[in-house]
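S.K.: Structure incoming, see below.
The values are calculated or read from the model by the stated rules, or taken from the named source; none is laboratory data. From a predicted model like this one, the values you see are computed outputs, not experimental measurements. Heads up, the Cβs are rebuilt from the backbone with ideal geometry, glycines too, and the neighbour counts pull from every protein chain shown.
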Amino acid sequence: MQEKPNIILITADSLRANHLGCYQYPLPTSPHIDKLACEGVLCENMFAPGIPTQPSHTTIFTGQHPVTHGVVAHGGKARLTRGSPWLPEILFEEGYTTCAVDTLFRERIWFGRGYEYILDPSLRHMFYASVTQEELNDRAIHWIKTVPKGPFFMFIHYWDVHYPYVPPERLRGLFYDGTNPTDPDNHELDEWWHHPIGAMARDTWLRTSNGLIRDPKYVTALYDREIRYLDEGIAALKDTLEQQGMAENTIIWLLADHGESMTDHRICYDHYGLYDCTVRVPTIVHWPAGKLRAGSRLAPFRQLSDVAPTLLEATGTLIPEEMEGQSFLQQLQGQEEPSGYDRVIGLESTWQAKYYLRNSQYKFIIARQPDLLGNPDRELYDLAADPGEDHNIAAEQPQLAASMEAELEGWLADKLQALGKTKDPVKEEGAVAESIWRGHGK
Amino acid sequence: MDLVPAGSVCYRNKSRYRHMEQKPRKDVSEDRAVPEPPAAPPPEDPAPAMGPEDEALVAERLRELGYIE
């Protein structure tokens, strides 16, 4: 067996943790992912310190908080600097053959850094995120069987669970117990049609021969079918590794860049808002030869910035000082007692300009500008009593809110000073997509 | 706040995190039959689809919003 492990890093874009069986979802969306979790280690509390896709993936690959790497928004002004650490580049320099089965480099150029191979079947689509797991797997599996002569790093970025939710027709009938998805008297999604992403859905993928889909339960069923479809793809990939005799010493690291709001908090089928449905992400690590504590679940808080340092330690590679995340490899292996962060601080700057601070009981959210839904600029949730974050108690507990605000602002001030920066990146970028949309006269 | 699901096993340790499961556990889905889609799809299920024109429109809208360069 080769000394260094192969790595397959999988991000399932927009995969919400609690829609997976292994995260206690009551519907059987994910039998193969659940099995992967039983054979590996599952992180109960992995958080994205920046959403959505571009900030989050930049954090995954740099091991840095978004305030540090500066990429806080889609469509923002910030660009990743060339000197930032970048996981695929480091592994390539360590002798790995590196391959991305991904489209992100079409959005921002730095996502192509460090790859000797980039496989992009989405060139066959008008919209790159319409690429399916089968199209990605076709290329990935062929590559795995034919190319690597030594350790390899493969990044696969699945888009199936990201909108538009258009699962294969053969999954029709699953997960929906309503009676009429296109009932014209159902107005539950009417507010969404006024949001540009909702209007886009209304004008494209929610139009059917039966009429416009109006039942949110049906849209959620489509999302769940996409998970089921993705689950089949994960199984196919794992089967390939087993057939090739590679399964033993290959790390499969499955995670999401962010979750998805169904209709939670009046955010429909999208991934903004700093609530747990979007910032708490699934994470499963599977590595038979790595002596992981199979079947265990780690409860302490981790952040996506920990992924790159952990993978580097698993390959015996020096972790660059510039990476801020912490390796938790030895916890995955059960050699260290589980531990993690007391708190996570994160941000978004695409549809809303906000920060969050979450500890084991409370979450505090502060807005840098009024949001498009008219929410108050300070929100506080008691997650023990209100895990859905439905009851804002900022007015009821002003001292706690003030204390968490001071903690968050103090952290940010210290961080900016240490980085030699003077401007709050979220304040500077603002809610970029909303601003562009408003600029179009909407 | 109890972050561990019901029925799980907690691991005693010296850290501040009291609720963490470190023993292999059977996953809930193991005991559950995984249903297959019905052989004949229900007629009320409209099965959305995306044609190239729809994909192009989605891409155009997201480009307008700055998602795509």
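S.K.: Go through (1) surrounded by fewer than 24 Cβ atoms within 10 Å (Cβ to Cβ); (2) part of a loop (DSSP other than H, G, I, E, B) and name the single condition A:A73 misses.
M.R.: For A:A73, the failing item is (1).
S.K.: Only one of A:P184, A:P168 is more than 30 Å from A:S122 (Cα to Cα) and more than 9 Å from chain B (Cβ to nearest Cβ). Can you tell me which? Break it down into steps so the answer makes sense when it comes.
M.R.: Working: A:P168 fails: more than 30 Å from A:S122 (Cα to Cα).
Within the list A:P184, A:P168, the selection yields A:P184.
S.K.: I'd like to check which strands (runs of 3 or more DSSP E) are fully inside the range A:309-369 and have at least 2 residues that are among the charged types (D, E, K, R).
M.R.: Numbers: elements: A:343-349, A:353-359, A:362-367.
Those strands (runs of 3 or more DSSP E) span A:343-349, A:353-359.
S.K.: Can you tell me which residues in the range A:21-48 are under 14 Å from the mean Cα position of the chain (by Cα) and more than 9 Å from chain B (Cβ to nearest Cβ)?
M.R.: A:C43, A:M46, A:F47, A:A48, listed by residue number.
S.K.: So, one more: Given the condition more than 23 Å from B:D45 (Cβ to Cβ), of a type in the set (A, V, I, L, M) and surrounded by fewer than 19 Cβ atoms within 10 Å (Cβ to Cβ), answer yes or no: does some residue in the range A:148-166 qualify?
M.R.: The answer is no, given that none of the residues of the range A:148-166 is more than 23 Å from B:D45 (Cβ to Cβ), of a type in the set (A, V, I, L, M) and surrounded by fewer than 19 Cβ atoms within 10 Å (Cβ to Cβ).
S.K.: Kindly provide the set of residues from the range B:43-54 that are modelled with pLDDT of 80 or more and over 24 Å from the mean Cα position of the chain (by Cα), ordered by number. Steps first, answer last, please.
M.R.: Residues of the range B:43-54 that are modelled with pLDDT of 80 or more, as a first pass: B:44-54.
Correct list: B:E44, B:G51, B:P52, B:E53, B:D54.
S.K.: If you don't mind, another one. For the range A:89-118, which residues satisfy the criterion of being part of a strand (DSSP E or B), in contact with a helix residue (DSSP H, G or I) (Cβ under 8 Å, 6 or more places away or on another chain) and surrounded by 19 or more Cβ atoms within 10 Å (Cβ to Cβ)? Steps first, answer last, please.
M.R.: Initially, the range A:89-118 is screened for residues part of a strand (DSSP E or B), giving A:97-101, A:117-118.
Narrowing further to those that are in contact with a helix residue (DSSP H, G or I) (Cβ under 8 Å, 6 or more places away or on another chain): A:98-101, A:117-118.
Matches in the range A:89-118: A:T98, A:C99, A:A100, A:V101.
S.K.: Does A:V67 count as in contact with an Asp or Glu (Cβ under 9 Å, 6 or more places away or on another chain), part of a loop (DSSP other than H, G, I, E, B) and closer than 25 Å to A:N359 by Cα? Talk me through it step by step, then tell me what you get.
M.R.: Working: in contact with an Asp or Glu (Cβ under 9 Å, 6 or more places away or on another chain): yes; part of a loop (DSSP other than H, G, I, E, B): no; closer than 25 Å to A:N359 by Cα: yes.
Here the answer is no, as A:V67 does not meet what is asked.
S.K.: In this structure, is A:T81 part of a strand (DSSP E or B) and of a type in the set (V, I, T)?
M.R.: No: the conditions fail for A:T81.
S.K.: Quick one: B:A6 ticks every box in (1) within 7 Å of chain A (Cβ to nearest Cβ); (2) assigned to a loop (DSSP other than H, G, I, E, B); (3) at pLDDT below 55 bar one, so which box is it?
M.R.: Evaluating B:A6 over (1) within 7 Å of chain A (Cβ to nearest Cβ); (2) assigned to a loop (DSSP other than H, G, I, E, B); (3) at pLDDT below 55 leaves (1) as the failure.
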